């Protein structure tokens, strides 16, 4: 498993507390970049711009990835374009929503 795959697997431990679905299956993670120096940049969104749990989720993402021994620095870029929609969810995420 390469570092990007390990990061994505670790991110499955970070849940949106309102929906009780992890950020990967929810489709909130748009991109993961890993530099040769093991620095990680995560581009993600939230289900809504006014999400009251903004800090909780992004902090969880940062700490989760910082805890991997294969990573060094972690940056989380929160974006609103493209906007999140249920179509971004994985089949597992949709199943958890009952769709």
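What follows is calculated from the coordinates using simple rules that are stated; it is not laboratory data. Keep in mind the model is a prediction, meaning the values are calculated, not measured. Here the Cβ positions follow ideal geometry from the backbone for every residue, glycine too, while neighbour counts run over all protein chains shown.
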query: Ranking 63, 30 by Cβ neighbours within 10 Å, fewest first, what do you get?
result: 63, 30
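Using Cβ counts within 10 Å as a stand-in for footprinting exposure, how do 45, 71 rank, fewest first? Walk me through the numbers before you get to the answer.
Numbers: 45 22, 71 19.
If I rank by nearby Cβ atoms, fewest first, I get 71, 45.
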Inter-probe distance in nm under a simple model that places probes 7 Å from Cα toward Cβ, at residue 69 and residue 5: 1.9
message: Compute the helix-to-body angle for 54-66: its Cα long axis versus the longest principal axis of the chain, expressed 0 to 90° and rounded to tens.
response: 30
message: I want to check the label-to-label distance for residue 31 and residue 85. Put each point 7 Å from Cα in the C-beta direction and report it in nm to one decimal.
response: 2.1
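For the chain, what proportion of DSSP beta bridges, expressed in % and rounded to the nearest 5, is antiparallel? All intermediate terms of the calculation are to be shown ahead of the outcome.
Details: 7 of 12 bridges.
That works out to approximately 60 percent antiparallel.
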- prompt: Going by the alpha-carbon gyration tensor, a ≥ b ≥ c the square roots of its eigenvalues, is region 36-82 rounded (a/c under 1.5) or, if a/c is not under 1.5, prolate (a/b greater than b/c) versus oblate?
  reply: oblate
field: Label-point separation in nm, residue 56 to residue 13, each point 7 Å along Cα→Cβ
entry: 1.9
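How much mean residue ellipticity at 222 nm does the chain get from its helices, if each DSSP H run of length 4 or more adds -39500 (n - 2.57) and you divide by all residues, to the nearest 500 deg cm²/dmol?
Numbers: 3 runs with 28 residues, N = 99.
Per the formula, -8000 deg cm²/dmol.
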